[in-house]
C-alpha cells in the first residue's frame, strides 16, 4: 500500500505517483521499526496526521508553554551529552539529548511559530517527511527517559519531558511499540485487567500458595487481604510480583504484618496492577490507569495508595494522582520502602545481620531517585541487615539508568541495544562492586538488569528486590 | 562623512535597536507569563515548586555548580566569565552610563576604567574560548547551528572595537571608523536578541518553572485530544 494514497482519492494513481515524493511503503516501515507499530494502525499521510495530533495536543494540554520556551532558548552546549550514558557509549550525535529533543522542537518551530511558518513556505523541501517521523519514532525509543541529562542542563531543559511528549504525539498516529499497546490494552480493556493478562483465579491461587510458602519458611500465618474495605492502604504492585517476583510480594506481606499493618492494607481483585505505561507514551493512558487506582481506593474506602517495588508505578502515582484524582482531595501516595523505612526508624522492625552474608549493592531506579525522593531510605534498611554493602558510583540522584527505562524493557526486539549499548555502563558498574546481590526495587529494572548481567557475562550476580532480602533477614517475634 | 554616520548610529539607530529589543523581549515575556498562567489554571495539581525552580535558576547562574563538574569544567567556567562580561560591561561602563543617562535620564554605578578594560579582554578571550570549546567537543560541534558559531563572534566585535575606542593607540583603524563599527555591531546584536537564542536572557528565568509546569497535566486532556481527533470511540 502506498501511504497517503487514501487521502487523495480523486487523482488517478499514476498522476499522483508522479506528483508526490517517493513515499515509504508500510512494508519498509515494518522492516525498520518492526517492534514499533501494528500494521493496521498506520493509515494515511504521516506528516499531516502528525501535525494534526501535535496541534490537538498543544491545544488541550500544558505543553505549549514549555515547548515554546525550549524551542527558543537552547544553547547547544552539549553539557547533556556528558550525562547521557547512551551518548557516552555510542558517541553518535543523534544520541545527544539536545539533538534528540531538537527533532520535535524543530517541528514546533516550523509549524507552530510565525517565523517557522514563513520559513517552511520559503523552502522547497518540507521538514516533516515520513522519514523524519520514523527517525523520531526510532530515536525517542532509544532514549530511556531516565532524565539524567536534565540535571546537567544550565537552561533547565527537561529532555525527558520532550521524549514523553514526542512519544505521545507518535502514539496517537499509531507509532508506538506493540508490546506497550498490547499490555495496556489488556490492563484497561481486557477481561483480566492487568498488563500480563493473567486471570484473577490464577492470581488468587498464587496468593494462596504464597501464604503456604510463608508459613513453611517463617512459621507464621500471613493472609493476603483481598477486597477488604475501610483499610488504610490499598496496594498496587506490578503484576509480575504476583507470579514471577513472588519473593518481593512475600517480603512486603511479612513486613507489613511484622510492623502491625497486617490489617491495614488490601489488594483489589478488580484492579491490582500498578504498572502505568502511560507515563512512557500517553497522557490519555496515564490518566486512565490512575483513575482506575483512585476508583478502587474509593470502592474499598481506602485512605492511601500504597505502591510496591516499582519505579514508574510509584512516580506516576506520586506525581499524578493529585492531577487526576481530585486535586487536594486525592488520596496520598506512599511507596512501600518509605513505609518500611519509617517502621524501621520507629524500631518496629528488626533484622538478623547474619543471614545475608554476601556482598550487596543497590541500584537506584531513575523514577525513584532522580528527584531525590527515595535515595537514603533503602540504604539505611540495607545497612541494617547487611554487613557488606557497596555503593555503585555514581549513585543516588546521579545514578545510571538500568538501560531499560521508559518502557523499552518490554520491547524484546530492543534487547541487544538495551544490554550492550544502554546497559553496558551499568554492567561495568555492577562488576566493579563485586556484589553478589544487586537490589533493584523496580520490576522493570529487575528484568533489565538480569538481561544485562546475562548478556555481559556477569553470571554470579543475582538481581533481587529490596523486600526479597528483607524477607530473608527479618526477625519475627 | 563618518561623523554623520556616527551621529545616526549613536542616536536614532541605537534608539531603534533598543526599542525593538525591548518590544520583542516584552512580547516573549508576556506570552510566556500568559501561557504559564493558563497552564496553572488548567493543571489538576496546582502546587508548583516555585522555590525549587528559582533555586535551580540561581544554581546555574553561579559558578560553583560548574566547578563541581568533572566534565567540561573549563568550558563552563569560560561561559560564566563570558556572561559576566557581556552583561556588566555594556550596562556599567562609564561611557555607556553617560549614554543611558542621556537617553533614559537615569544614572547608576560606573565600572572603574581599568576593571572595564580587563573585563573586556576577558570577554573576548572567553568568546574565543567558547568557540574553541564548541569546536573541540564532538557532541557540541555536531549539533551546533549557524547562530551558535556566529553569535559569540558577533558578541566579540563590540568588545574589541570598544577596547580600541578606549585605547586608540592600540587600534589598527582610525578612531571614528572603529567607533562606527562598535556602534553598528552592538546595535545588530541588540536587534537580534528577540530573534535568536539570546532571548534566553529573559526566557531563562521561566524555563525551570515551565519544565515543572509541563508535568502538571490538565485532567481530561487526553480524552479531549482523542475527541478532537475523532478517535473517542477507538480503544487503546
Legend entry - Condition broken by residue A:115, with the remaining ones in (1) within 14 Å of another protein chain (Cβ to nearest Cβ); (2) not in a helix (DSSP H, G or I) satisfied: (2)
Legend entry - Every residue from the range A:380-400 that is surrounded by 19 or more Cβ atoms within 10 Å (Cβ to Cβ) and closer than 27 Å to residue A:354 by Cβ: A:381, A:382, A:385, A:386, A:389, A:392
Inset, instruction - Would you point out the residue of the range B:28-74, among those that are part of a loop (DSSP other than H, G, I, E, B) and farther than 30 Å from residue A:322 by Cα, that is nearest to the other protein chains (Cβ to nearest Cβ)? - result: B:71
Inset, instruction - Say whether the condition of being in contact with a helix residue (DSSP H, G or I) (Cβ under 6 Å, 6 or more places away or on another chain), loosely packed, with under 15 Cβ neighbours inside 10 Å and either modelled with pLDDT of 90 or more or within 11 Å of another protein chain (Cβ to nearest Cβ) (or both) is met by at least one residue in the range B:83-95. - result: no
Legend entry - Residues satisfying the stated conditions in the range A:291-314, i.e. closer than 26 Å to residue B:41 by Cβ and either assigned to a loop (DSSP other than H, G, I, E, B) or at the interface with chain B (Cβ under 10 Å from one of its Cβ atoms) (or both): A:291
Inset, instruction - Working carefully through the options B:143, B:106, find the one that is crowded, with 18+ Cβ neighbours inside 10 Å and free of Cβ contacts under 8 Å to residues at least 60 places away in the same chain. - result: B:143
Legend entry - Enumeration of residues in the range B:167-199 that are farther than 18 Å from residue B:17 by Cα and buried (at least 16 other Cβ atoms within 10 Å of the Cβ): B:171, B:177, B:178
Legend entry - Candidate set: the range A:185-201, residues that are assigned to a helix (DSSP H, G or I) and without any contact (Cβ under 8 Å) to a residue 24 or more places away in the chain; chosen: the one farthest from residue A:248 (Cα to Cα): A:185
Inset, instruction - Considering every residue within the range A:235-254, establish whether at least one is assigned to a loop (DSSP other than H, G, I, E, B), more than 14 Å from chain B (Cβ to nearest Cβ) and at pLDDT 95 or above. - result: yes
Inset, instruction - Answer yes or no as to whether residue A:318 is without any contact (Cβ under 8 Å) to a residue 60 or more places away in the chain, closer than 25 Å to residue A:164 by Cα and in contact with a strand residue (DSSP E or B) (Cβ under 6 Å, 6 or more places away or on another chain). - result: yes
Inset, instruction - Return yes or no: is residue A:384 in contact with a helix residue (DSSP H, G or I) (Cβ under 9 Å, 6 or more places away or on another chain), free of Cβ contacts under 8 Å to residues at least 60 places away in the same chain and not in a strand (DSSP E or B)? - result: yes
Legend entry - Yes/no for residue A:403 being on the phi > 0 side of the Ramachandran plot, modelled with pLDDT of 95 or more and surrounded by 18 or more Cβ atoms within 10 Å (Cβ to Cβ): yes
Legend entry - Which numbered condition residue A:182 fails, given (1) surrounded by fewer than 20 Cβ atoms within 10 Å (Cβ to Cβ); (2) within 14 Å of another protein chain (Cβ to nearest Cβ); (3) assigned to a loop (DSSP other than H, G, I, E, B): (3)
Legend entry - Failed item in (1) under 24 Å from the mean Cα position of the chain (by Cα); (2) within 14 Å of chain B (Cβ to nearest Cβ); (3) surrounded by fewer than 20 Cβ atoms within 10 Å (Cβ to Cβ), with residue A:328 passing the rest: (1)
Legend entry - Test set (1) over 30 Å from residue B:130 (Cβ atoms); (2) within 22 Å of the chain's Cα centre (by Cα) - residue A:142 fails condition number: (1)
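Quick grid of which residues meet (1) in contact (Cβ under 8 Å) with a residue 40 or more places away in the chain; (2) within 28 Å of the chain's Cα centre (by Cα); (3) away from chain A (no Cβ under 14 Å); (4) farther than 30 Å from residue B:35 by Cα:
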{"site": "B:162", "(1), (2), (3), (4)": "yes, yes, yes, yes"}
{"site": "B:167", "(1), (2), (3), (4)": "yes, yes, yes, yes"}
{"site": "B:172", "(1), (2), (3), (4)": "no, no, yes, yes"}
{"site": "B:191", "(1), (2), (3), (4)": "yes, yes, yes, no"}
{"site": "B:202", "(1), (2), (3), (4)": "yes, yes, no, no"}
{"site": "B:206", "(1), (2), (3), (4)": "yes, yes, no, no"}
{"site": "B:212", "(1), (2), (3), (4)": "yes, yes, no, no"}
{"site": "B:230", "(1), (2), (3), (4)": "no, no, no, no"}
Inset, instruction - Mind telling me which of the residues B:198, B:189 ends up being farther than 19 Å from residue A:67 by Cα, out of contact with any strand residue (DSSP E or B) (no Cβ under 9 Å at 6 or more places or on another chain) and part of a helix (DSSP H, G or I)? - result: B:189
Legend entry - Verdict on residue A:65 being in a helix (DSSP H, G or I) and surrounded by 22 or more Cβ atoms within 10 Å (Cβ to Cβ): yes
Legend entry - Residue list for the range A:83-124, filter: under 23 Å from residue A:49 (Cβ atoms) and either in contact with a strand residue (DSSP E or B) (Cβ under 7 Å, 6 or more places away or on another chain) or touching a residue at least 60 places away in the same chain (Cβ under 8 Å) (or both): A:100, A:101, A:103, A:104, A:111
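The values are calculated or read from the model by the stated rules, or taken from the named source; none is laboratory data. No experiment lies behind these values; they were computed from the predicted model shown. Note that each Cβ is placed from the backbone with ideal geometry, even for glycine, and that neighbours are counted across all protein chains shown.
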